[in-house]
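This report refers to the structure that appears directly beneath it.
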Amino acid sequence: MEAITFSALWRQARITLKDNWGKAIGTTLVQWLISSAAQSIPLLGQLANIFLIPLNAGLALYFLMLARTQKPALETIFVPFSSYGRMLWGGIRMGIFIFLQYLLLIIPGIVAAYSYAMASYIMAENPDMSANEAIRESKRLMKGNKWRFFCLQLSFIGWELLAIFFTAGIGLLWVVPYQQAAYAAF
């Protein structure tokens with residue numbers, strides 16, 4: 001992966017969203033509402049995270065398609081449910097690997113989480129690829145790029161704080177799609 005500056009990623013995200021802000025905000029809002037509803041179920045809220053693995057991958061797929069100048073529909077966020085077993089296995093496998101790394105020390109767990117950061121994008125984009133192959137490909141892609149991705153995520157903290165404190169969270173409707181578009185460009 002060639003080194004692209006943060007300003008280039010931010011610019012690419014703005015270009016991606018230029019004519020798509022409304023749909024991107026709507027899609028992100030639908031994903032958030034479904035996630036919030038699933039996690040608010042008493043006693044089952046944490047198990048709902050299993051249901052959310054393909055939904056989160058679907059959001060990643062939506063923004064990947066936008067970044068490639070395709071015109072995805074809202075239904076795109078539900079596409080990964082067609083390979084639910086593979087998505088579930090990949091999510092569980094990554095969770096186990098990350099947990100085992102955290103047992104060693106916190107830093108190896110964080111490094112492992114960043115190694116697998118692109119796996120959901122890869123699985124959503126390549127429905128024929130196994131979870132193990134997607135995890136290996138994510139590790140390959142993130143080799144030498146974990147710190148850059150961490151810094152990209154960190155670069156949005158100011159926007160998040162502004163959105164939370166000055167708009168009572170409403171500004172996140174614009175910040176989250178901007179973040180997702182930048183991550184897809186990454």
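The values are calculated or read from the model by the stated rules, or taken from the named source; none is laboratory data. Every value quoted in this text rests on a predicted model; they were computed, and no experiment measured them. Virtual Cβ from ideal backbone geometry, glycine too; neighbours counted across all protein chains shown. The accessibility values were calculated without ligands, DNA or RNA, using every heavy atom of the protein model including side chains. Shrake-Rupley method; radii C 1.70, N 1.55, O 1.52, S 1.80 Å.
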Selection count where residues are more than 15 Å from the chain's Cα centre (by Cα) and either under 15 Å from residue 93 (Cα atoms) or open to solvent by less than 10 Å² (accessible area, probe 1.4 Å) (or both), scope the stretch 130-144: 7
Members of the stretch 80-101 found to be open to solvent by 70 Å² or more (accessible area, probe 1.4 Å) and closer than 19 Å to residue 30 by Cβ, listed by number: 82, 84
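Answer yes if at least one residue in the stretch 104-118 is in contact with a Pro (Cβ under 9 Å, 6 or more places away or on another chain) and small (Gly, Ala, Ser), and no otherwise.
Residues of the stretch 104-118 in contact with a Pro (Cβ under 9 Å, 6 or more places away or on another chain): none.
Scanning the stretch 104-118, I find no residue that is in contact with a Pro (Cβ under 9 Å, 6 or more places away or on another chain) and small (Gly, Ala, Ser), so the answer is no.
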Checking residue 149 against (1) open to solvent by less than 40 Å² (accessible area, probe 1.4 Å); (2) in a loop (DSSP other than H, G, I, E, B); (3) hydrophobic (A, V, I, L, M, F, W, C), the condition it does not meet: (2)
Count - residues of the stretch 155-184 that are among the small types (Gly, Ala, Ser), open to solvent by 30 Å² or more (accessible area, probe 1.4 Å) and closer than 16 Å to residue 10 by Cα: 2
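Given the criterion open to solvent by less than 80 Å² (accessible area, probe 1.4 Å), modelled with pLDDT of 85 or more and of a type in the set (S, T, N, Q), identify the matching residue among 49, 20.
Working: 49 fails: modelled with pLDDT of 85 or more.
Going through 49, 20 in turn, just one is open to solvent by less than 80 Å² (accessible area, probe 1.4 Å), modelled with pLDDT of 85 or more and of a type in the set (S, T, N, Q): 20.
Would you call residue 87 in contact with a Pro (Cβ under 7 Å, 6 or more places away or on another chain) and in a helix (DSSP H, G or I)?
On the way: in contact with a Pro (Cβ under 7 Å, 6 or more places away or on another chain): yes; in a helix (DSSP H, G or I): yes.
Taking the combined requirement at face value, the residue satisfies it.
State whether one or more residues within the stretch 102-109 are surrounded by 13 or more Cβ atoms within 10 Å (Cβ to Cβ), of a type in the set (Ser, Thr, Tyr) and modelled with pLDDT of 85 or more. Reasoning before the result, please.
Going through the stretch 102-109, the residues surrounded by 13 or more Cβ atoms within 10 Å (Cβ to Cβ) turn out to be 102, 108-109.
Within this subset, residues satisfying the condition of being of a type in the set (Ser, Thr, Tyr) are 102.
Now narrow it down to the ones that are modelled with pLDDT of 85 or more: none.
The answer is no, given that none of the residues of the stretch 102-109 is surrounded by 13 or more Cβ atoms within 10 Å (Cβ to Cβ), of a type in the set (Ser, Thr, Tyr) and modelled with pLDDT of 85 or more.
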